[in-house]
Structure formats: structure tokens, C-alpha cells
1. Quick one: what pairs do we get from region 263-279, first residue on the phi > 0 side of the Ramachandran plot, second buried (at least 23 other Cβ atoms within 10 Å of the Cβ) and not in a helix (DSSP H, G or I), C-beta under 9 Å, 6+ apart or different chains?
2. Condition first: more than 15 Å from residue 101 (Cα to Cα), surrounded by 21 or more Cβ atoms within 10 Å (Cβ to Cβ) and at pLDDT below 95. Now tell me which residues in region 184-202 satisfy that.
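The values are calculated or read from the model by the stated rules, or taken from the named source; none is laboratory data. Only a predicted model underlies this, so the values are computations on that prediction, with no experimental measurement involved. Heads up, the Cβs are rebuilt from the backbone with ideal geometry, glycines too, and the neighbour counts pull from every protein chain shown.
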């Protein structure tokens with residue numbers, strides 16, 4: 001496979017050099033150029049034809065949002081936003097506008113600590129490389145229509161649902177925003193979410209979801225009571241699990257183990273929920289890179305729960321849903337606009 005060609009857009013010379021050095025140390029990656037502002041970014045995108053762009057949102061002349069809109073809409077380029085921890089709202093706006101994912105760099109004023117993002121940056125670029133390779137493979141080799149086969153072979157029975165557990169990663173925030181806002185009212189089940197996200201962003205994300213959802217949405221805290229109408233978002237950089245305490249079910253927030261590949265972990269969340277809820281649990285796997293959630297859906301199915309996965313038609317990155325489907329444990333494959341309706345149908349609730 002040809003090297004993945006990357007364009008670095010950042011007005012800071014130090015940041016450009018640091019990011020370039022990090023990326024050039026990766027096999028299969030070529031940094032083909034850089035730009036110091038949005039206008040130069042457009043010129044470089046036209047002349048260099050990169051496969052991926054890393055973008056700092058704070059730039060002179062043309063701002064990063066304008067450039068992002070042009071890169072994603074006009075050139076259909078995947079964009080990784082690199083933004084400060086203090087700019088959570090701007091990051092979520094960028095994701096809603098089409099950014100593929102983001103990397104959180106140290107707070108402003110500590111640019112010498114930029115090397116701390118290297119592992120996250122390399123991991124996300126590697127996943128983009130895998131995604132591009134899979135896309136080319138799907139274009140050249142026909143794959144079975146998983147949606148039709150699953151829908152014809154397996155129909156989820158309608159039964160009472162007390163918990164909906166959701167896994168998502170790359171491009172997950174806009175997908176979650178769409179799903180949460182599409183519920184016309186609150187329903188008598190609880191929701192827990194494992195969205196891959198670094199520390200410092202999930203509280204703002206939960207507040208953002210809460211403003212447009214009939215559910216009460218907040219970042220989970222250790223010991224939170226899990227109850228109907230409540231949606232708990234796993235804190236970034238930590239794992240969320242559920243635990244029975246007497247007659248109640250409580251949230252447990254713990255730091256990740258060194259061996260945890262994805263954080264927050266959907267596998268851990270699903271596996272902790274399955275024995276507590278059994279047939280009254282529904283697991284949902286949305287867009288994302290990697291295979292987090294695939295082990296968890298097996299645990300859910302073994303306890304009699306139901307499983308939904310987002311379809312390839314709507315998933316921006318069909319990694320996690322594909323891996324879930326491959327387990328044979330998925331009951332229905334649904335495009336994103338139908339996720340909320342499918343959740344209600346699985347629990348026997350009427351859709352408004």
C-alpha cells in the first residue's frame with residue numbers, strides 16, 4: 001500500500017515541527033507538507049492531494065472552522081483536529097461539522113509538553129490508515145450484505161428494557177447527539193455510554209447532550225444511582241462499570257489498567273451490565289474504529305440481552321459495528337437515523 005500522505009496545518013512553528021516529527025516516525029506515513037493558516041491550507045490541499053489533514057482550529061486569517069468545512073465538504077478529506085484541553089466546545093462543534101476525530105494537546109502555555117500527545121496521535125492516524133485500506137478493499141472486493149442477511153434471519157422480540165448500554169468511538173459524538181435528540185420524551189429505562197474520549201472532555205459533552213435530550217444526561221460519578229430517565233456518560237480516561245449494591249445498581253468509575261486498549265472500555269461496561277440486567281438489557285454499537293464492544297456483546301447475548309449495531313450505510317467508520325456483527329450476536333443492523341426507533345421497538349415502547 002502506498003504511504004498515507006498527511007498535510008499538517010498549524011500556525012505554531014513548534015507545533016508543526018513536533019507533529020511532523022511524530023508522524024514521520026511512523027511506517028507507512030509521509031508528511032507531504034504544512035500550512036500556517038487556512039488559506040495556505042486550501043492551496044496545499046489542492047496541490048498536494050493529501051489523504052489526511054491534521055488541523056489546529058486556532059489560526060490567523062481564515063479560521064480552522066472555515067477550513068474544516070472546505071476540506072470535508074469540497075475535498076472529502078478526513079481531518080484530525082488537534083486542540084487544547086480548554087476548547088471542548090470548539091472540539092464538539094468541529095466534530096459536528098465533519099472532523100473525523102480529535103487529539104487533545106496540553107493546555108495553552110505548555111507547548112513544550114506537546115510530546116505527550118504522540119501516542120494518541122499515532123494511534124488515531126494508524127486507525128485512519130486501516131480505515132482507508134478497508135475502504136479500498138471494499139471497493140475492489142464485493143462483501144456480503146450483512147444488513148439484509150441479519151434482518152431476514154433474526155428479529156428481536158419485544159420485551160421490557162431497563163438498560164440501554166451504548167458503545168461509540170470515532171465520529172461517535174455527532175452520532176450520539178443525533179440519537180439522544182431524536183427521542184421525543186424520556187422513557188423508563190436508564191442509559192450508559194462508553195464513548196472513547198480523553199479526560200477533560202466528557203463533562204462538556206454530557207452537558208451538550210443534556211441540552212437537547214429528554215433524558216437527564218451527565219458525566220458519571222462513582223456511586224451514582226442508575227435509574228430510569230438517567231443517562232450516564234463514562235468519564236474520559238476512566239472506565240465505567242455497574243455494580244449491584246443491595247437492591248440498587250450503582251456506577252463505578254475506575255482508572256484504566258495498563259492493558260486496557262480502549263478507554264473508556266465498552267467491553268468492560270457491557271460485561272458488567274449483562275449479569276445485572278440479563279434479558280432487560282440492550283447493547284448498541286455505533287460508529288468507531290477498532291473492535292471495542294465485540295467481547296461485550298457476546299456477554300450480553302449469553303445473558304439473554306439484545307444487541308443493535310449501526311449499519312455500514314450510515315457509520316462514518318464501520319469498524320466497531322463490523323466487529324460486533326462478526327460475533328454473530330447482533331439482532332438488528334440499523335442506520336443511524338433509525339437507532340432511537342429501534343431501541344424503543346426492542347423494548348416494546350411506542351415511538352411518538
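1. Cβ pairs passing all conditions: 278/305.
2. Within region 184-202, none qualify.
Residue-wise test of (1) modelled with pLDDT of 90 or more; (2) surrounded by fewer than 21 Cβ atoms within 10 Å (Cβ to Cβ).
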residue: 65; (1), (2): yes, yes
residue: 76; (1), (2): yes, yes
residue: 85; (1), (2): no, yes
residue: 91; (1), (2): yes, no
residue: 94; (1), (2): yes, no
residue: 104; (1), (2): no, no
residue: 112; (1), (2): no, yes
residue: 118; (1), (2): no, yes
residue: 129; (1), (2): no, yes
